[in-house]
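Data block below; observations after.
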Amino acid sequence: MLPAWAAAPAAAPAAPKGRLKQSVARWLFQQPIDQLCVTVKQVGLSAIDLVGPEEWPVLKAHGIDSPMCNGAEISLKQGFAGTEFHDELVARYTRHIDLVADAGYRNLICFSGNRNGMDPLQGMRNAEVGLKRVLGHAEKRGVVLVMELLNSRVDHADYLCDHSAWGVELCKRIGSPNFGLLFDIYHMQIMEGDIIASIRRNHEYFVHYHTAGVPGRHELDDTQELNYAAICRAIRDTGFGGYVAHEFSAAHTDPIDALRQAIALCDV
């Protein structure tokens, strides 16, 4: 038997490919923001999603990016499809666009809100009118408003922007490079499936991606039905230059280990 010093050295872990930038949602870990910055660095990330302006100085102190900002919205239910919310939303988004731009960030999340009995086409017309009231300012400041696609079957009953076709048509109607979609893979698997084909067909409208396992919104592991390595290869092959952000709730493993595994799986 060879002595320990004579044994062949263990193979070094493969260097990350880094062809897709990855992030993690702020709410995933119930940690103070300064501690979360340390955590994400330890797992090899340099960005945190869904952080508002009160916490941006901490991100900057740690050298952490904010690839999808929030804080301008009223709620997920009260969005641009409801004309009764337009005046408040325009005021909030106008102010927040300046905050995002002044901080050196780019993407700001927004929501359609609920149907509340309206025809989806009417809701689209309403959203177009409301968004166009703030898009001129967004264009001047270099900020992109990004509407999230959410499922209305499990998590967000009555939410209007619940299919990629609806969101893509809204993008076409608005016709601005400063408006796009957050393609949440978990939500769209529940509503329509065919994830890779949708990415290939509509990727020019997708500014940002979120991940989570289906069913249950849990880890990206073998307990769920999505092949995230294949999905991320499809995203990579479109030439996507934005972020894929993890937004799952760990149920079977330690959350930090689950995040490490998700990062490795999506490093294509």
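Which ones in segment 41-76 are surrounded by 20 or more Cβ atoms within 10 Å (Cβ to Cβ), farther than 22 Å from A138 by Cα and of a type outside the set (V, I, T)?
Correct list: L45, L59.
The conditions are (1) without any contact (Cβ under 8 Å) to a residue 40 or more places away in the chain; (2) open to solvent by 40 Å² or more (accessible area, probe 1.4 Å), and S249 fails exactly one of them. Which is it?
Only one criterion in (1) without any contact (Cβ under 8 Å) to a residue 40 or more places away in the chain; (2) open to solvent by 40 Å² or more (accessible area, probe 1.4 Å) is unmet by S249, namely (1).
Look at V38 and say whether it is β-branched (V, I, T) and buried (at least 20 other Cβ atoms within 10 Å of the Cβ).
So V38 does not fit the description; no.
Yes or no: R173 within 16 Å of A229 (Cα to Cα) and open to solvent by 10 Å² or more (accessible area, probe 1.4 Å)?
Criteria not met by R173.
Does E128 satisfy the condition of being closer than 24 Å to H246 by Cα and assigned to a helix (DSSP H, G or I)?
No; evaluated as a whole, the condition is false for this residue.
On the basis of being touching a helix residue (DSSP H, G or I) at 6+ places or on another chain (Cβ under 8 Å), under 19 Å from K21 (Cα atoms), open to solvent by 20 Å² or more (accessible area, probe 1.4 Å) and not in a loop (DSSP other than H, G, I, E, B), does H210 make the cut?
Answer is no for this residue.
Do any residues in segment 16-45 that are in contact (Cβ under 8 Å) with a residue 24 or more places away in the chain have Cβ atoms under 7 Å from those of residues that are of a type in the set (S, T, Y) and open to solvent by 20 Å² or more (accessible area, probe 1.4 Å), where the two are at least six apart or on different chains, and which pairs are they?
What qualifies is K21/Y243; Q22/Y243; S23/Y243.
Quick check on I195: is it more than 18 Å from R133 (Cα to Cα) and either buried (at least 16 other Cβ atoms within 10 Å of the Cβ) or within 15 Å of the chain's Cα centre (by Cα) (or both)?
In short, yes.
The values are calculated or read from the model by the stated rules, or taken from the named source; none is laboratory data. Everything quoted here is computed from the prediction, not taken from an experiment. Neighbour counts are summed over all protein chains in view; Cβ atoms, including those assigned to glycine, are modelled from backbone coordinates with ideal geometry. For the accessible areas, the whole protein counts, side chains as well, though only heavy atoms, and no ligand, DNA or RNA atoms are used. Shrake-Rupley method; radii C 1.70, N 1.55, O 1.52, S 1.80 Å.
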